[in-house]
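Data first, discussion second: the structure below is written as structure tokens.
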Amino acid sequence: MVASTGSTAREGWSSRSAFVLAAVGAAVGLGNLVRFPAEAANNGGGAFVLFYIACILLIGLPVLLSETLIGRHGQSSAVESVKRMAEESGAPKFWSNIAGLGVASAFLILAFYCVIGGWVLYYIGLFTVDIFQSGVSGGALTSMSVDEIKDIFPALQKDGFTMSVLDVVFVLATLAFVARGVSGGIEKASVWLMPAFFFLLAGITVYGAFTGAFLESLSYLFTFDASKLTGPVMLAAVGQAFFSLSLGVAGMMTYGSYVGRDVNLAKTSATIAFADTSVALIAGLCIFPIVLAAGLSSDGGLGLMFDTLPHAFQSMPFGTVIGLAFFVMVGFAALTSSISLMEVPTAWAIDKFGLGRAPTAVIVAIAAAALGVVSAYSFNSLSGFHPLGFIPLFEGEAVFSALDSVTAKLLMPIGALLVSIFIGWVADRRLIDNENGLDGGLHLFWRFLVRWLCPVALTAILIVGIFPEILGS
Ligand code: PHE
């Protein structure tokens, strides 16, 4: 099934399942494996997790359906697809440009995401060398002291050159797939890497269940304590839902534009959201038993994966092999997500400038690597450079964390807000009702969510995100 736009055939996914795998690959990434467990740990476990699930169902899923619908209708890059729907709906010119913001955000996320991808490569290297030096059941890492292990990550962050090289390697790996096109490259990555990812995740989770503190983790993640559900916790949950489902950055519009007319978008969106949420929960059930069994506290942040976990693997039987399998799994998930991030600006630039896919992707990759290198050095020699320091919300943030904050706190929620207003209020209903694959009560419910709940909730989140003092925090 190749999606086509009348006379000029446009490349598309080779099947519905290829689309589902690619979209799940885009959604499942560092957000599920690093950010979700860290946020859950930071925000009190069960209350956060259950509110997060509600956000996925009531805000994430309706926006996901809206984004894929815009893409499938337009059959072009995100910007062109929105423009087309806006023009067909007779909407004011402003609306034609809303996806431009998403394209910019996708590029900014790509730049710092690949730096983290580079860290994952570093740990893969570390565990591999360890196995070669000392065999599978122990290793140099195993013989390190707690303090030495704790030093690995800070030492890496001080080494701007190594981080830059690894960043470039990760960008090149991403480019290798994006340059080959939708069915020839992007789809291939998901079809091979996602099953491997699920296999590794299942294996490590079972291992953790037998050797780690599984029951303790279950109760930690799922015991609902209403008193912990404060404003900031709710905010964190909504932000995490967007990041995890890749919403508000035109990514799902771009992937949706390669989908054929015969695909039921509502069902497919539900499958994507279900898979993404399951992976986040399983990742929690995979990581916490290992961390808790090692008697470590999980204080969240990037340190959970890059400090605490390597430390926990150290004290487990076959920890080096499990550590290697773990970081390979994270690498696969990160790669399929970075591919989707690179595809958004690439598809836009192909439409805009008419250059071929490969040269366009190379230019995007060079720009992303350049910004990535600056982000890598922002942990050391450029740590005093605060590009957005003049805005109170981003005060004191060097390039890496400014990129993370400006996308998560501003651009993604604004992007998703604009999409929900566009679909709920601006676009011609006849264009939407034919596309969404819903009927009866479910259709009405979805309309209610995109028209009312999503815009209101997102506006509230933006306001409290920008002025946290409103919630007294
Ligand atoms: N959803 C991805 C993750 O969880 C991150 C991402 C965000 C990917 C936006 C594409 C677009 O890691």
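The values are calculated or read from the model by the stated rules, or taken from the named source; none is laboratory data. Fair warning: this is a prediction, and the values are worked out from it, not measured in the lab. No Cβ is skipped: glycine too gets one built from the backbone with ideal geometry, and neighbour counts run over all protein chains shown. Heads up: the accessible areas ignore ligands, DNA and RNA and are worked out on the full protein's heavy atoms, side chains in. Shrake-Rupley method; radii C 1.70, N 1.55, O 1.52, S 1.80 Å.
For the stretch 181-251, just say rounded, prolate or oblate: build the C-alpha gyration tensor, square-root its eigenvalues into a ≥ b ≥ c, call rounded for a/c under 1.5, and beyond that prolate if a/b exceeds b/c, oblate if not. Because a/c hits 1.5 or more and a/b fails to exceed b/c, the stretch 181-251 counts as oblate. Distance from the Cα centroid of the stretch 448-466 to that of the stretch 70-104 is 21 Å (rounded to whole angstrom).
The modelled label-to-label distance for the pair LEU453/ALA202, using points 7 Å beyond Cα in the direction of Cβ, is 3.2 nm.
Classified by the C-alpha gyration tensor, the chain has a prolate form. Its axis ratio a/c, with a ≥ b ≥ c, is 1.5 or above, and a/b is larger than b/c.
Where a Cα-Cα gap under 16 Å defines reach, which lysines qualify for LYS83, not counting those fewer than 8 residues away within the same chain? Within the straight-line cut-off, LYS83 pairs with LYS93, LYS352. Projecting the Cα atoms of GLY256, ALA226, PRO37 onto the dipole axis of the chain, where Lys and Arg carry +1 and Asp and Glu carry -1 at the beta carbon, places GLY256 farthest toward the positive end.
Name the shape class, rounded, prolate or oblate, that the alpha-carbon gyration tensor gives for the stretch 303-410, where a ≥ b ≥ c are the square roots of its eigenvalues, rounded holds for a/c under 1.5, and otherwise prolate holds if a/b is larger than b/c and oblate otherwise. Intermediate values should be presented prior to the final figure.
Working: a/c = 2.65, a/b = 1.29, b/c = 2.05.
Here the stretch 303-410 falls in the oblate category.
Whole-Hz Karplus values for the stretch 449-463 come out as 5, 6, 7, 10, 4, 4, x, 5, 5, 5, 4, 4, 4, 4, 5 Hz, taken residue by residue from phi with 6.51 cos²θ - 1.76 cosθ + 1.60 and θ = phi - 60°; glycine and proline positions read x.
Taking a 1.4 Å probe, which of THR277, THR162 shows the most accessible area, and what order do the others take after it?
Values: THR277 15, THR162 40 Å².
Accessible-area ranking of THR277, THR162, largest first: THR162, THR277.
For the chain, the longest principal axis of the alpha carbon atoms and the long axis of helix 265-293 meet at an angle near 10°. Rounded to the nearest 20 debye, the dipole size of the chain about its Cα centre is 1100 debye, using +1 on the Cβ of Lys and Arg and -1 on the Cβ of Asp and Glu. Quick one: helix 231-245 against the long Cα principal axis of the chain, what's the angle to the nearest 10°, folded into 0 to 90? Value to nearest ten degrees: 80. The residues of the chain present an accessible area of 37 Å² per residue when probed at 1.4 Å with all protein chains retained.
Counting only helical runs of four or more DSSP H residues, what would the 222 nm mean residue ellipticity of the chain come to if each run contributes -39,500 (n - 2.57) and the total is spread over all its residues? Can you show the working numbers first?
Details: 22 runs with 317 residues, N = 473.
Estimated from H runs of four or more residues: -22000 deg cm²/dmol.
Residues of the stretch 38-59 with backbone nitrogen within less than 15 Å of a virtual label 7 Å along the Cα-to-Cβ line of LYS228, please, listed as ranges. Flagged as within label range: 38-53.
In order along the stretch 81-98, phi translates into HN-Hα couplings of 5, 5, 4, 5, 5, 5, 5, 5, 8, x, 7, x, 4, 3, 5, 5, 9, 5 Hz, rounded to whole numbers, per the Karplus curve 6.51 cos²θ - 1.76 cosθ + 1.60 with θ = phi - 60° and x for Gly and Pro. Helix 187-211 sits at what angle to the longest principal axis of the chain, using alpha carbons and giving 0 to 90 degrees rounded to 10? That works out to roughly 40 degrees.
Counting only C-alpha contacts under 8 Å and six or more residues apart, can you give the relative contact order of the stretch 2-471 as a whole percent? Once divided by the residue count of the stretch 2-471, the mean separation gives 33 percent. Using the Karplus relation 6.51 cos²θ - 1.76 cosθ + 1.60 with θ = phi - 60°, the per-residue 3J(HN,Hα) values for the stretch 427-440 come to 5, 5, 4, 5, 5, 7, 4, 7, 9, 7, x, 10, 9, x Hz, with x marking Gly and Pro.
Carbon-plus-sulfur accessible fraction, the chain (probe radius 1.4 Å, protein heavy atoms only): 69%. Distance from the Cα centroid of the stretch 195-238 to that of the stretch 387-414 is 28 Å (rounded to whole angstrom).
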